[in-house]
Amino acid sequence: MIAVTGASGQLGRLVVEALLKSKTETRIAALVRDPSKVADFGEKGVDVRKADYDAPETLAAALEGVERLLLISSSEVGQRTRQHKAAIDAAKAAGVKLIAYTSILNADDSPLALADEHRETEAYLEESGVPYVLLRHGWYTENYMGAIPAAVENGAVYGCAGDGRFSFATRKDYAEADAAVLLKEGQAGKVYELAGARGYTLSELAAEISAHANKTIPYVNIPEAAYSDALVKAGIPEPFAAILANSETGASGGALFTKSHDLSDLIGRSSTTLAESVAVAMQD
């Protein structure tokens, strides 16, 4: 059995859908806090199980019979290490044979504030003795798609990434790669640096938006603190705004860029281009 944590989330749902599309004969379990959110999976033959990182007693039953577990990193920044440790401990006790963990790109030496909890989780996996594979995700293209309307309205794309390149890929791209690894044999000990086939600057993002908006929308680089403040004023919670701004500063130094083609190799095609993503976003 293959189990996916966070299966009601944006990434987890796509992974389960990719597994279903593969027509695998292996049973699939969707682990979620609220089973009602994935009732549609139950109708498709997926075993829906309640699992809450903050309620360890739910994890033992949720992991019963699971051989391969996709541990999708928690969305609760600051609580991730504790929550991940609970899941890893439960997986070990349940006899899970492989844990695939969605870490962060270039985790070994990433300067991003987000990277600390990922490194701590990777270290705990090593200590646990449970065979594991690391799926180090790069930046999601969707991180910027929601801001397109504001960019068009304000007449500019603002950020603090300078000329840094982002190896963007869509959640669907990453989900297909994650599913491919779960379906492969001999994955223990492997490390995948997953990211888009090419890197894009925020100036290139602005150019794509301009092309679809039929007006010039430049990229305007501002200091990290000013960008964080702007995000807060736009309604983003202060802690998350600080993380986004810190990540862009890291990107300016190459933290979110890689020449790895692991993702394309796993999904058997090139990753979704920025142009394709912007076109879809601006049609919605």
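The values are calculated or read from the model by the stated rules, or taken from the named source; none is laboratory data. Note that this is a predicted model, so its numbers are computed, not measured. Glycine gets a Cβ as well: all are built from the backbone with ideal geometry, and neighbour counts include every protein chain shown.
Quick one: is residue 75 hydroxyl-bearing (Ser, Thr, Tyr) and under 28 Å from residue 244 (Cβ atoms)?
Considered against the rule, which asks whether it is hydroxyl-bearing (Ser, Thr, Tyr) and under 28 Å from residue 244 (Cβ atoms), residue 75 comes out as yes.
Assigned to a strand (DSSP E or B), crowded, with 19+ Cβ neighbours inside 10 Å and of a type outside the set (D, E, K, R): does that describe residue 158?
Yes: the conditions hold for residue 158.
Could you look through the range 22-37, keep only residues that are surrounded by 21 or more Cβ atoms within 10 Å (Cβ to Cβ) and among the β-branched types (Val, Ile, Thr), and pick out the one that is farthest from residue 87 (Cα to Cα)?
28
Which condition does residue 85 not pass, out of (1) assigned to a loop (DSSP other than H, G, I, E, B); (2) in contact with a helix residue (DSSP H, G or I) (Cβ under 8 Å, 6 or more places away or on another chain); (3) at pLDDT 95 or above, if it passes all the others?
So residue 85 meets the others, but not (1).
Every residue, every condition in (1) assigned to a loop (DSSP other than H, G, I, E, B); (2) within 19 Å of the chain's Cα centre (by Cα); (3) in contact (Cβ under 8 Å) with a residue 24 or more places away in the chain, yes or no:
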site	(1), (2), (3)
210	no, no, no
229	no, no, no
235	yes, no, no
245	no, yes, yes
248	no, yes, yes
255	yes, yes, yes
259	yes, yes, no
264	no, yes, yes
272	yes, yes, yes
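For residues in the range 66-87 being touching a Gly at 6+ places or on another chain (Cβ under 9 Å) and under 14 Å from residue 103 (Cβ atoms), which is surrounded by the most Cβ atoms within 10 Å (Cβ to Cβ)?
The residue in question is 70.
Do you know which residues across the range 101-116 are surrounded by fewer than 18 Cβ atoms within 10 Å (Cβ to Cβ) and touching a residue at least 24 places away in the same chain (Cβ under 8 Å)?
Matches in the range 101-116: 111, 113.
Can you tell me how many residues in the range 212-227 are part of a helix (DSSP H, G or I) and aliphatic (A, V, I, L, M)? Walk me through it before giving the result.
Of the residues in the range 212-227, the ones part of a helix (DSSP H, G or I) are 212-213, 224-227.
Now drop any that are not aliphatic (A, V, I, L, M), which leaves 213, 225-226.
Counting residues in the range 212-227 that are part of a helix (DSSP H, G or I) and aliphatic (A, V, I, L, M) gives 3.
Which condition number in (1) under 19 Å from the mean Cα position of the chain (by Cα); (2) touching a residue at least 40 places away in the same chain (Cβ under 8 Å); (3) buried (at least 19 other Cβ atoms within 10 Å of the Cβ) is the one that residue 51 fails?
(1)
Looking at the range 88-126 only, could you name the residues that are under 17 Å from residue 5 (Cα atoms), over 16 Å from the mean Cα position of the chain (by Cα) and in a helix (DSSP H, G or I)?
88, 89, 90, 91, 92, 93, 94, 125
Answer with yes or no whether residue 150 is surrounded by fewer than 18 Cβ atoms within 10 Å (Cβ to Cβ) and within 30 Å of residue 221 (Cβ to Cβ).
Answer is yes for this residue.
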